[in-house]
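Inspection log for the structure reproduced underneath, given as structure tokens.
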Amino acid sequence: FFTELFAPQAATGLVFDHVFWQPFKQQAINNSSDLAHDVVALRVTSYFLGACALGYSQQEADKKAQQAMQYFVQVRSEFVVPQASCQLLAQLSEKYPLVAISNGNVDTNAIGIRGYFHQVFHAANGVKQKPDPQMFTMACQSLAIAPEQLLHVGDCGRADIQGALNAGCQAAWLSCYDVGQPLTVLPQIELSAVTELADLLL
């Protein structure tokens, strides 16, 4: 898709992978540091700058950037949430108000889990990414609770665990995926599977 969308006749053979896009991503952040906290705007701007570098006019580059972002979000949300996870969310949401906070851009409606959450926050439009405390604070405010009453479940040692603890919240580290940054501070709980929450909270 990206080759068809971006490569003019003279640029066939280009591989539109992270190596190609990284300089444009860095250029976008250099031009506007706030973009580092908005993955959607950052990606669109990177696409735009890359298209301009390939020789497209600004108008054409903007159109292609929007098309590419639409395709990315569609593909990003083309997965099935395991039934066990949906069942867990349903059970938890009957007992606790749930809030999702994300640095990413997965469409929770598209993957069928939006209905389990009281509120969903994304880092965008001035809202900073984890580990910044902003979204943790927003989550607590939306639930009208103190930070220490919130248990944040996440898989990244920096964004999720360090972020939650720095915001005064409790943290549960989901260690089974081996993704994100390693731990530098200890969470209150380690989970080898998210379904272990049922034994702790239900």
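The values are calculated or read from the model by the stated rules, or taken from the named source; none is laboratory data. Every value quoted in this text rests on a predicted model; they were computed, and no experiment measured them. Counting neighbours? That spans all protein chains shown, and the Cβs are built from the backbone with ideal geometry, glycine included. Only protein heavy atoms, including side chains, enter the accessible area calculation; ligands, DNA and RNA are left aside. Shrake-Rupley method; radii C 1.70, N 1.55, O 1.52, S 1.80 Å.
Things to note:
- Looking only at residues in segment 57-82 that are out of contact with any Cys (no Cβ under 9 Å at 6 or more places or on another chain) and of a type in the set (S, T, N, Q), the one that is nearest to residue 106 (Cα to Cα) is 77.
- Residue 75 vs. criteria touching a residue at least 24 places away in the same chain (Cβ under 8 Å) and of a type in the set (A, V, I, L, M): no
- Test for residue 99: is it more than 15 Å from the chain's Cα centre (by Cα) and open to solvent by less than 60 Å² (accessible area, probe 1.4 Å): no
- Residue in segment 83-95 that is at pLDDT 95 or above, part of a loop (DSSP other than H, G, I, E, B), surrounded by 15 or more Cβ atoms within 10 Å (Cβ to Cβ) and in contact with a helix residue (DSSP H, G or I) (Cβ under 7 Å, 6 or more places away or on another chain) present: no
- All conditions in (1) open to solvent by less than 40 Å² (accessible area, probe 1.4 Å); (2) in a helix (DSSP H, G or I); (3) at pLDDT below 95 hold for residue 34, with the sole exception of (1).
- Contacts under 7 angstrom Cβ, first residue in segment 149-173 being under 20 Å from residue 89 (Cα atoms) and among the hydrophobic types (A, V, I, L, M, F, W, C), partner part of a loop (DSSP other than H, G, I, E, B) and open to solvent by less than 10 Å² (accessible area, probe 1.4 Å), 6 or more apart: 150/169
- Test: residue in segment 13-22 that is in a loop (DSSP other than H, G, I, E, B), of a type in the set (Val, Ile, Thr) and more than 30 Å from residue 193 (Cα to Cα): yes
- Residue 44 meets all of the listed conditions (1) more than 28 Å from residue 131 (Cα to Cα); (2) of a type in the set (A, V, I, L, M); (3) without any contact (Cβ under 8 Å) to a residue 40 or more places away in the chain; (4) assigned to a helix (DSSP H, G or I) but one, namely (1).
- Check on residue 80, outside any helix (DSSP H, G or I), over 21 Å from residue 124 (Cα atoms) and without any contact (Cβ under 8 Å) to a residue 60 or more places away in the chain: yes
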